[in-house]
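Undergrad: Take this structure, written in structure tokens, and hold onto it; I'll ask about it next.
FYI, it's all coordinate maths here, none of it is from the lab. Quick caveat, the model's predicted, so the values are computed rather than measured. Using ideal geometry, Cβ is built from the backbone for each residue, glycine included, and neighbour counts are taken over all protein chains shown.
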Amino acid sequence: MGTRANIIPIINKTYCSSSQVVLVVRRRPHATNGGGFVVTDCNQKVIFRVDGCGILGTKDELILRDGDGDGNALLLIRRKKGGMAEALSIYKKWKGYTFDYEGSQKLVFSLKEPNSCLVRNNAMKISTEPRESNKDWDFRIKGYFPDRDCTIIDTKGDIVAQVGVKKEVQELMASKDLYHVVVKPGVDQAFVFGVIATLDYIYGESTRC
């Protein structure tokens, strides 16, 4: 008998699969669709949509939606603005919130974006709520997202999700508008794409305007 995957629901256990999942990201053009991106499975079924500045009309804010109809909002992501305190800080902070049935927001993760070359290793770190580890982070980003070559790693050093471009796609397309994400068993896919949406915005890609 195989070992059962350790389920890690951060947004919702509905998005935790018992097996590894490969999903495809296709960026939407700003001119016709307002930017953002769509996430599909191997059968071309839409799993998630991400709306950014071009659709929402608000800077430093993103919404992750499910694939049903117009898309129910699963996650609201905002950059925490702290004025002078943020300017002096070595990090910029992003916060991810889920919505309950009454529309109230609940903090589920925070991402620290280095705001200074003085930050050791210059790694982006993510903490989840409730806290999962004794460290000040639960996951970190390794690699460089704009190259479509990065991973989300947990505190044990295990890969939970990996961003990449298939060789045949890379040969056909010079742009990075199409790429895949491998999500390991038991990992919350909605959380993974909330993090990827944040990276997309930080690096000035499809969700930014």
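Undergrad: Give me the one-decimal nm value for the distance between modelled label points at Val165 and Lys59, 7 Å along each residue's Cα-to-Cβ direction.
TA: 2.9
Undergrad: With each pseudo-label sitting 7 Å past Cα toward Cβ, what's the Val46-Asp70 distance in nm, one decimal?
TA: Distance between the two pseudo-spin positions: 1.2 nm.
Undergrad: Using θ = phi - 60° and the Karplus curve 6.51 cos²θ - 1.76 cosθ + 1.60, what whole-Hz ³J(HN,Hα) does each residue of region 191-203 get, with Gly and Pro shown as x?
TA: Each residue's phi maps through the Karplus curve to give 4, 4, 7, x, 5, 5, 4, 5, 4, 4, 6, 4, 8 Hz.
Undergrad: In nanometres, what is the gap between the two model label sites at Ser17 and Asp100, each 7 Å from Cα along Cα-to-Cβ?
TA: Modelled inter-label distance: 3.1 nm.
Undergrad: Pairs Lys95/Lys135; Lys13/Lys142; Lys13/Lys59; Lys45/Lys95; Lys93/Lys176; Lys13/Lys93: which are spaced more than 22 Å apart, C-alpha to C-alpha?
TA: Lys13/Lys142; Lys13/Lys59; Lys45/Lys95; Lys93/Lys176; Lys13/Lys93
Undergrad: While we're here: Distance from the Cα centre of region 19-66 to that of region 141-163, in angstrom?
TA: Between the Cα centres of region 19-66 and region 141-163 lies a distance of 20 Å.
Undergrad: Let me ask you something else. Relative contact order for region 1-81: what percent, with Cα pairs under 8 Å and sequence separation of 6 or more?
TA: That works out to 17 percent.
Undergrad: Another question about this same structure. Evaluate E = 1/(1 + (r/R0)^6) for Asp177 and Thr155, where r is the Cβ-Cβ distance and R0 equals 30 Å; express this FRET efficiency to the nearest 0.05.
TA: After rounding to 0.05, the efficiency reads 0.35.
Undergrad: Something else about it: Quick one: which residues, 5+ away or cross-chain, put their amide H under 5 Å from the amide H of Phe109? H built at 1.01 Å from N.
TA: Under 5 Å from the amide H of Phe109: Gly96, Glu129.
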